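Worksheet: one structure, shown below.
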Amino acid sequence: MAIVKPFKCVRPNASVVDQVAALPYDVYNRKEAKAETLRCPLSFLKIDRAESQFSDDVDTYDPRVYAKAKEMFEDEVKKGIYEEINEAYYYIYELIMDGRHQTGIVATASIDDYLNNVIKKHENTRADKELDRINHVDVMSAQTGPIFLAYRENKTISDIVNKTKKNSPLYAFTSNDGITHNVWVISNIEDINSIKDAFSKINELYIADGHHRCASAVKVGLKRREVHKDYTGEEEFNYFLSVLFPDNELMIMDYNRVVKDLNGLTSKEFLDRLSNLFEIEERSSTYKPEAKGTFGLYLDNKWYKLTAKKSILSNDPVDGLDVAILQNNVLDPILGIKDPKTDKRIDFVGGIRGLKELERRCATDMKLAFSMYPTSIQELFNVADAKLLMPPKSTWFEPKLRSGLFIHRIEK
């Protein structure tokens with residue numbers, strides 16, 4: 001039974017929302033973050049990545065960086081760039097990319113649901129990556145980047161969303177990457193209670209994106225429980241900022257692979273090895289896989305379609321994933337890439353960049369590329385339901401949720 005609550009939001013003034021809204025903090029490296037905050041001084045990125053406000057000799061994780069983030073945020077609240085909303089509401093957040101609409105409920109989810117696996121995970125987290133966001137959330141005493149959660153579509157929630165979207169939006173703007181962002185407030189008490197009740201009857205929520213942010217928010221909540229031994233469970237630190245999307249509106253894009261060399265093989269030897277595992281068909285132009293079990297290969301300026309033979313297919317939730325079929329049958333045994341998380345001979349290219357990016361990489365720093373058929377949302381659910389983990393770089397979600405639109409304070 002999922003606990004999904006409305007919350008008292010700190011949100012941007014509508015007059016500057018298009019300047020405040022920022023891509024997630026981990027989309028940028030330090031140099032890019034500094035350039036972006038210079039280009040757009042109101043961008044929330046300067047708070048998410050406050051090292052951008054320091055010279056490069058100040059460490060990214062210096063305590064002064066997190067103190068600066070809090071200082072800048074509270075200053076902008078005082079200036080009216082952000083406003084404190086004293087009533088607990090749900091929000092609707094719609095993103096439109098290439099004509100495709102994706103609409104979620106902005107709310108807070110329970111850290112206990114994360115701990116007891118009502119909120120299901122599909123990948124591990126790394127302690128070093130968690131620590132940065134733990135410090136950011138703890139010093140800010142606020143959660144600033146929403147966790148991307150998914151649930152199986154629910155008619156009650158969908159009906160309220162569709163009804164509310166007929167009203168005038170709180171925000172409506174198009175970001176410079178062409179994504180349209182619309183936000184509505186759900187303030188009707190009957191609708192709020194109906195949504196809360198509908199989620200309480202949903203048995204599973206799934207982390208689609210944001211495992212590290214989620215783990216960090218939970219650890220800050222647990223830390224505060226240690227400090228406040230008399231906690232009731234209702235304090236805001238027991239909940240984390242989320243946007244929850246129905247599964248029927250989500251699209252996972254392909255997450256493609258590029259490899260630096262053939263592990264000592266000639267191109268002919270490599271193709272001969274592949275022919276034992278795949279039906280191979282040369283193509284006259286780029287090949288984007290059109291079905292599960294098919295792969296594109298770009299090698300020596302030629303594209304090939306690879307169709308997996310039955311001998312390497314699997315019904316296992318993990319081993320049956322296309323990314324696992326490629327890893328277990330090609331990348332590891334033939335190309336010698338045993339751990340794609342750490343091996344410097346492989347890189348990953350999100351589908352948003354297109355197949356021409358694979359050709360470009362092969363013309364510069366790589367030897368071959370594989371284009372992938374996207375992992376489905378149902379495959380993600382199946383892995384999480386089985387309490388298993390997906391291989392690295394299995395999913396690429398677009399469009400990205402913006403930070404700075406919704407901020408959740410977690411003071412006691």
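The values are calculated or read from the model by the stated rules, or taken from the named source; none is laboratory data. Note that the coordinates shown come from a computational prediction; the quantities given were computed from them, not determined experimentally. No Cβ is skipped: glycine too gets one built from the backbone with ideal geometry, and neighbour counts run over all protein chains shown.
Please enumerate the residues belonging to the range 254-302 that are farther than 17 Å from GLY336 by Cα and among the aromatic types (Phe, Trp, Tyr).
Scanning the range 254-302 gives TYR255, PHE278, TYR287, PHE295, TYR298.
In this structure, does GLY264 turn out to be surrounded by fewer than 12 Cβ atoms within 10 Å (Cβ to Cβ), outside the structural domain of THR156 (by TED's automatic domain parsing) and not in a strand (DSSP E or B)?
Yes, satisfied.
What are the residues in the range 72-104 that are assigned to a strand (DSSP E or B) and closer than 24 Å to SER141 by Cβ, if any?
If the condition is that a residue be assigned to a strand (DSSP E or B) and closer than 24 Å to SER141 by Cβ, then TYR82, GLU83, GLU84, ILE85, ASN86, GLU87, ALA88, TYR89, TYR90, TYR91, TYR93 are the ones that fit.
Counting only residues that are hydroxyl-bearing (Ser, Thr, Tyr) and within 22 Å of THR375 (Cα to Cα), which one in the range 267-307 is surrounded by the most Cβ atoms within 10 Å (Cβ to Cβ)?
In this case the residue turns out to be TYR298.
Among the residues of the range 1-52, how many are aliphatic (A, V, I, L, M), in contact with a Lys or Arg (Cβ under 8 Å, 6 or more places away or on another chain) and farther than 24 Å from GLU87 by Cα?
Residues meeting the conditions: 6.
Can you tell me which residues in the range 305-343 are closer than 20 Å to ASN124 by Cα, in contact (Cβ under 8 Å) with a residue 40 or more places away in the chain and not small (Gly, Ala, Ser)?
Of everything in the range 305-343, those that are closer than 20 Å to ASN124 by Cα, in contact (Cβ under 8 Å) with a residue 40 or more places away in the chain and not small (Gly, Ala, Ser) turn out to be PRO317, VAL318, LEU321, ASP322, VAL323, GLN327, ILE337, PRO340, LYS341.
(1) buried (at least 19 other Cβ atoms within 10 Å of the Cβ); (2) of a type outside the set (Lys, Arg); (3) in a strand (DSSP E or B): which one isn't true of ASN182, the others all being true?
Tallying (1) buried (at least 19 other Cβ atoms within 10 Å of the Cβ); (2) of a type outside the set (Lys, Arg); (3) in a strand (DSSP E or B), ASN182 fails exactly one: (1).
Filtering the range 213-244 down to residues that are free of Cβ contacts under 8 Å to residues at least 60 places away in the same chain and among the charged types (D, E, K, R), which residue is surrounded by the most Cβ atoms within 10 Å (Cβ to Cβ)?
ARG225
Determine whether TYR206 is assigned to a loop (DSSP other than H, G, I, E, B), in contact with a strand residue (DSSP E or B) (Cβ under 8 Å, 6 or more places away or on another chain) and in contact (Cβ under 8 Å) with a residue 24 or more places away in the chain.
It is false that TYR206 is assigned to a loop (DSSP other than H, G, I, E, B), in contact with a strand residue (DSSP E or B) (Cβ under 8 Å, 6 or more places away or on another chain) and in contact (Cβ under 8 Å) with a residue 24 or more places away in the chain.
Identify the single condition in (1) touching a strand residue (DSSP E or B) at 6+ places or on another chain (Cβ under 8 Å); (2) more than 30 Å from HIS136 (Cβ to Cβ); (3) among the aliphatic types (A, V, I, L, M) that LEU321 does not satisfy, given that it satisfies every other one.
(1)
Quick test for you: out of ILE3, ILE96, ILE85, ILE47, pick the one residue that is surrounded by 18 or more Cβ atoms within 10 Å (Cβ to Cβ), within 30 Å of LYS201 (Cβ to Cβ), modelled with pLDDT of 95 or more and among the hydrophobic types (A, V, I, L, M, F, W, C).
ILE3
For the range 284-385, give me every one of the helices (runs of 4 or more DSSP H) that falls completely inside it and has 3 or more residues that are more than 24 Å from the chain's Cα centre (by Cα) and of a type in the set (Phe, Trp, Tyr).
The helices (runs of 4 or more DSSP H) meeting that bar number zero.
Residue check, ASN329 against (1) loosely packed, with under 14 Cβ neighbours inside 10 Å; (2) modelled with pLDDT of 95 or more, all met but one. Which one?
(1)
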